[in-house]
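The values are calculated or read from the model by the stated rules, or taken from the named source; none is laboratory data. Bear in mind that the values here come from a model prediction, so they are computed numbers and not experimental data. Counting neighbours? That spans all protein chains shown, and the Cβs are built from the backbone with ideal geometry, glycine included.
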Amino acid sequence: MGYYVLKVAVSAVLIVAIAEAAKRSSFVGGLIASLPIVSILAFAWLYLDTRSLDRVAALSQSIFWLVLPSLALFLALPWLLRKTGNFYLSLGLAIAAMLACYLAMVAALRQLKIEL
């Protein structure tokens with residue numbers, strides 16, 4: 001149970017650190033958030049839990065393919081914020097665009113016979 005609490009605490013501290021850094025500088029917050037820290041932590045937790053190199057490799061490959069559609073959120077959100085002036089509406093629409101891109105990516109990967 002202590003190990004699980006440690007994993008949750010480390011992950012939570014990371015999220016809070018990014019938010020706090022972004023208050024001071026959007027560049028620093030963006031830089032920290034763009035680093036694959038969460039993925040690296042996930043690799044470490046998965047390996048420590050399973051000792052499976054194959055699972056870590058599969059996770060890494062899945063992350064690669066699924067990062068691409070997530071970029072739609074970061075393109076759509078600033079544009080929508082400027083157009084609508086409404087944070088919640090813009091965020092919802094940007095998330096919807098991102099989800100549509102995820103669906104398109106999964107369909108494309110299936111067509112290409114790439115398994116996640």
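When residues in the stretch 1-42 are screened for being closer than 27 Å to Gln61 by Cα and of a type in the set (Phe, Trp, Tyr), 2 of them pass. Scanning the stretch 34-64 for residues that are among the hydrophobic types (A, V, I, L, M, F, W, C), within 19 Å of Glu115 (Cβ to Cβ) and either in contact with a strand residue (DSSP E or B) (Cβ under 7 Å, 6 or more places away or on another chain) or loosely packed, with under 15 Cβ neighbours inside 10 Å (or both) yields Leu53, Ala57, Ala58, Phe64.
All conditions in (1) modelled with pLDDT under 95; (2) surrounded by 13 or more Cβ atoms within 10 Å (Cβ to Cβ); (3) not aliphatic (A, V, I, L, M) hold for Arg24, with the sole exception of (2).
Does Gly29 fit the bill of being surrounded by 14 or more Cβ atoms within 10 Å (Cβ to Cβ) and not aliphatic (A, V, I, L, M)? Answer is yes for this residue.
Within the stretch 37-58, how many residues are without any contact (Cβ under 8 Å) to a residue 24 or more places away in the chain and under 19 Å from Val10 (Cβ atoms)? The total comes to 11. Of note, Leu103 does not satisfy the criterion of being loosely packed, with under 14 Cβ neighbours inside 10 Å, in the same structural domain as Lys7 (by TED's automatic domain parsing) and without any contact (Cβ under 8 Å) to a residue 12 or more places away in the chain. For the stretch 18-37, the set of residues classified as touching a helix residue (DSSP H, G or I) at 6+ places or on another chain (Cβ under 7 Å) and either among the aliphatic types (A, V, I, L, M) or assigned by TED's automatic domain parsing to the domain that holds Val67 (or both) consists of Ile18, Ala21, Ala22, Val28, Ile32, Ala33, Ile37, listed by residue number. With the condition kept exactly as written, say whether any residue in the stretch 56-79 is more than 28 Å from Ala104 (Cβ to Cβ) and either in the same structural domain as Glu115 (by TED's automatic domain parsing) or in a helix (DSSP H, G or I) (or both). No; the residues of the stretch 56-79 include none that is more than 28 Å from Ala104 (Cβ to Cβ) and either in the same structural domain as Glu115 (by TED's automatic domain parsing) or in a helix (DSSP H, G or I) (or both).
Here the condition is being assigned to a loop (DSSP other than H, G, I, E, B), of a type outside the set (Lys, Arg) and in the same structural domain as Ser60 (by TED's automatic domain parsing); of Ile95, Ile114, it holds for Ile114 alone. Could you tell me whether Arg82 is more than 30 Å from Tyr3 (Cα to Cα), at pLDDT 95 or above, among the basic types (Lys, Arg) and in a helix (DSSP H, G or I)? Answer is yes for this residue.
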